[in-house]
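Okay, so here's the structure we're looking at.
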Amino acid sequence: MQKLSDKDMRKSVTDATVKDVAVAIVGGGLRRYLQDKDELPDSSLSCGAPISMRHSGNSSTGGNPLTQMTVSLGTDIADPLERLEAIHRSALQSKA
């Protein structure tokens, strides 16, 4: 398995965000934990992630309206870069 820094991971996947990398790291940790417990499911676990509902250029209103999207943790993918790619695609689909 590849050993990459979080910056290298983000640069390796076009348009990946810092949040995508954080989710990929958490997904990898959960994957290892669940494997050690012989409890790794065949399909990926998911998580909820907050996203801003504010439109660009509309910072004059008070507060920050938020909603939640569901994102795959990629726990079913062993390779860190493949996991990040899958998470990035999942995040894009949830945002759409």
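If you count, for each residue, the other Cβ atoms within 10 Å and average over each peptide, how do 36-43, 8-15 line up from highest to lowest?
Per-residue Cβ counts within 10 Å, averaged per peptide and sorted highest first, yield 8-15, 36-43.
Within the chain, count lysine pairs with alpha carbon atoms under 16 angstrom apart where the residues are 8 or more positions apart or belong to different chains.
Close lysine pairs under the 16 Å cut-off: 4.
Is it possible to state the helix-based mean residue ellipticity at 222 nm for the chain, with each DSSP H run of 4+ residues giving -39500 (n - 2.57), the sum divided by total residues, to the nearest 500 deg cm²/dmol? What is it?
-14000 deg cm²/dmol
Which whole-number percent is the relative contact order of the chain (Cα, under 8 Å, 6+ apart)?
After rounding, I find 35 percent.
Readers should treat all values here as calculations from the given coordinates under stated rules, not as data from a laboratory. In this text, all values refer to a predicted model and were calculated from it rather than measured experimentally. Please note: Cβ atoms are built from the backbone with ideal geometry, for glycine as well, and neighbour counts cover all protein chains shown.
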